[in-house]
1. Whose amide H sits under 5 Å from the amide H of ARG38, counting only residues 5 or more places off or on another chain, with H placed in the peptide plane?
2. Go ahead and run the numbers for FRET between ARG190 and ASP250, Cβ-Cβ distance against an R0 of 22 Å, rounding to 0.05.
3. Once both axes come from the Cα atoms, what is the angle between helix 267-282 and the longest principal axis of the chain, in degrees from 0 to 90, rounded to 10?
4. Out of residues 5 or more away from ASN72 or on other chains, whose amide H comes under 5 Å of its own, with H placed 1.01 Å from N in the peptide plane?
5. Across segment 88-104, in residue order, what do the Karplus-derived ³J(HN,Hα) couplings come to in whole Hz, using 6.51 cos²θ - 1.76 cosθ + 1.60 with θ = phi - 60° and x for Gly and Pro?
6. Which value at 222 nm does the chain reach when only helices count, each DSSP H run of 4 or more adding -39,500 (n - 2.57), with the total divided by all residues and rounded to the nearest 500 deg cm²/dmol?
7. Order of ARG59, ARG179, ARG35 from fewest to most other C-beta atoms within 10 Å?
8. Among SER128, SER311, SER255, which one moves the most in a GNM of the chain with springs linking Cα atoms closer than 10 Å?
Amino acid sequence: MTGPRLTRLWRPLLAAAAVLGTALGAAAQDNYPERAVRFVVPYPPGGGTDVIARIVQGRFQQTLGQPIVIDNRGGGGGSLGTDVVAKSAADGYTVLFTLSSHTINPAIYPKLPFDTAKDFEPVGTIASLPQILVAHPGFPASSVAELIKVAKERPGALQFASVGNGSPGHLAGELFNLRTGTQITHVPYRGGGPAVNDVLGGQVPLLWVSIPAAAQFVKAGRLKALAVSTVKRSVAFPDVPTAQEAGIADFEVDSWYAMFVPAKTPKAVIEKLNRALNQVVADADIKDKLLAQGSEAVGGTPQALGDVVASELPKWARLIKQANIKAD
């Protein structure tokens with residue numbers, strides 16, 4: 001038996017198989033997760049992103065009812081681990097747990113092996129973390145206005161440190177220059193510890209860095225805080241003004257930690273992960289632990305995170321081009 005008659009016989013069976021496959025796929029989504037979920041952190045153990053991931057790990061396990069395995073895949077400024085997720089199965093079992101360099105790296109590394117905008121779906125934002133502008137106690141400025149005055153009197157003579165080229169602190173410093181018309185020279189370091197130490201020692205007068213790296217020294221009076229980079233004040237340092245409050249219009253550098261999954265991950269799976277995320281960051285103990293790191297719990301919808309990514313990609317690309325920022 002061949003030809004059209006055979007085709008007619010097989011057609012109902014193929015249709016039934018398709019319906020069955022769809023039903024099984026829907027059932028798998030309804031039962032998600034049925035096994036361990038892997039959080040890929042694209043940075044080495046002990047760094048800020050890894051610390052935040054481990055703070056929320058246990059609470060995610062309780063909420064999802066499955067183990068959460070943290071997989072550190074450092075290298076390439078975060079691009080190696082990010083690529084692992086981009087090329088993983090779109091089933092919700094491999095999650096990218098990363099920070100705001102996710103929207104900076106495409107302009108720093110133009111030949112990334114993935115498309116940041118197209119290869120990922122947003123899940124939600126865990127926490128946000130301001131950059132803080134600090135100075136050596138002996139520096140002759142104790143406010144942003146005074147700093148601008150000193151910088152304009154000595155164009156090109158002042159320096160600011162950061163944890164590296166293309167870091168949020170570096171971008172904050174370059175944005176400061178562009179918005180104020182100053183020429184404060186960037187000095188990149190390989191990490192917050194060395195950068196803070198040189199500012200404490202007076203080798204470099206200024207530093208843009210994440211709050212946890214400088215917090216203890218500001219509280220001890222060994223560094224003085226001039227501003228934070230976010231549009232609202234930091235809960236950790238409520239007396240420190242924002243850069244916008246200090247008179248710098250259109251200034252915002254928000255370091256955030258967030259979760260993404262590969263593109264084409266089922267919507268139902270993303271919704272389950274997002275519900276779990278919002279339950280985790282609403283937990284009082286988690287909030288306290290994040291705050292101890294200088295971070296504020298955020299939460300929110302996938303769309304809200306997607307909007308952040310969509311707005312930051314062109315924003316940082318323009319700034320990086322204007323400031324001629326290159327990878328190390």
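1. VAL69, THR94, VAL95
2. Values: r = 30 Å, r/R0 = 1.38.
Given R0 = 22 Å and the Cβ-Cβ separation, E is 0.10.
3. 40
4. VAL41
5. Karplus values, whole Hz, x for Gly and Pro: 8, 4, 8, 10, x, 9, 10, 10, 8, 10, 9, 10, 5, 4, 4, 9, 8.
6. Mean residue ellipticity at 222 nm (helix-derived): -14500 deg cm²/dmol.
7. ARG35, ARG179, ARG59
8. Largest GNM mean-square fluctuation: SER311.
A short reminder: the numbers here are calculations on the coordinates, not readings from a lab. Computed from a predicted model, the values in this text were never measured in an experiment. Methodologically, a virtual Cβ is constructed for each residue, glycine included, from the backbone with ideal geometry; neighbour enumeration extends over all protein chains shown.
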